[in-house]
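The values are calculated or read from the model by the stated rules, or taken from the named source; none is laboratory data. Since we're looking at a predicted model, the values are computed, not measured. Cβ placement follows ideal geometry from the backbone for every residue including glycine, while neighbour counts extend to all protein chains displayed. Heavy atoms of the whole protein, side chains included, go into the accessibility calculation; ligands, DNA and RNA do not. Shrake-Rupley method; radii C 1.70, N 1.55, O 1.52, S 1.80 Å.
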Amino acid sequence: MKFGLQFKATLENVTNVRPLGDDFRWFLKLKCGNCGEIPDKWQYVTLVESVPLKGGRSSASMVQKCKLCSRENSIDILGDTIKPYNAEDSERFKTMVQFECRGLEPIDFQPQAGFAAQGAESGTQFPEINLQEKDWTDYDEKVSESVGIYEVTHQFIKC
């Protein structure tokens, strides 16, 4: 089953908010679809990691065994679904990435380091944005304006 991670934030003078690089870590809480177990700790998946699935026909970003019911579940990032969050998306939910889930359901997302954005007018690159606090501010020297990403929130949808 495919799940879309929808991102929502208020953008100030920035656009093209996106995860940077194939090693970007998507921190998720994942629920076992079989027994409903939700591990306490955050787990992350990246595009660079790929684990072969049993049967050898395909792979996933992460394969894990449920601690409670021992069922093997997997989640795969669908790399071609990753989309930037732009100035015109501000204050609206937009699907930023989709995950192919087998036996798992993503129930929470924690944005952390690894985001990038650029000045809406200036094109100034901001390559190291950490959204763990759900807010980020900086200053765009080119246009003498403050820039920011505020009130970061998310939701998951079935695709």
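Within segment 101-125, the residues that satisfy the criterion of being closer than 15 Å to Tyr85 by Cα, within 18 Å of the chain's Cα centre (by Cα) and either among the aromatic types (Phe, Trp, Tyr) or in a loop (DSSP other than H, G, I, E, B) (or both) are Pro111, Gly114, Phe115. Filtered by the rule that a residue be open to solvent by 30 Å² or more (accessible area, probe 1.4 Å) and part of a strand (DSSP E or B), segment 1-26 gives Lys2, Lys8, Thr10, Glu12, Asn16, Arg18.
Any residue that is in contact (Cβ under 8 Å) with a residue 60 or more places away in the chain, farther than 21 Å from Ile129 by Cα and outside any strand (DSSP E or B) - is there at least one of those in segment 51-65? Checked segment 51-65: no residue is in contact (Cβ under 8 Å) with a residue 60 or more places away in the chain, farther than 21 Å from Ile129 by Cα and outside any strand (DSSP E or B). Against the test of being buried (at least 18 other Cβ atoms within 10 Å of the Cβ) and more than 21 Å from Asn16 (Cα to Cα), the options Leu53, Leu68, Leu104, Leu47 yield a single qualifying residue, Leu104.
Asp76 falls short on exactly one of the conditions (1) buried (at least 19 other Cβ atoms within 10 Å of the Cβ); (2) more than 19 Å from the chain's Cα centre (by Cα), and that condition is (2). Taking the criterion of being of a type in the set (Ser, Thr, Tyr) and not in a loop (DSSP other than H, G, I, E, B), the residues of segment 72-93 that qualify are Ser74, Thr81, Tyr85.
Going through segment 27-44 one residue at a time, which ones are open to solvent by less than 50 Å² (accessible area, probe 1.4 Å), more than 19 Å from the chain's Cα centre (by Cα) and at negative phi? Write out each step before concluding.
Residues of segment 27-44 that are open to solvent by less than 50 Å² (accessible area, probe 1.4 Å), as a first pass: 27-30, 32, 36, 39, 43.
Going one step further and asking which of them are more than 19 Å from the chain's Cα centre (by Cα), we end up with 32, 36.
Across segment 27-44, the qualifying residue is only Cys32.
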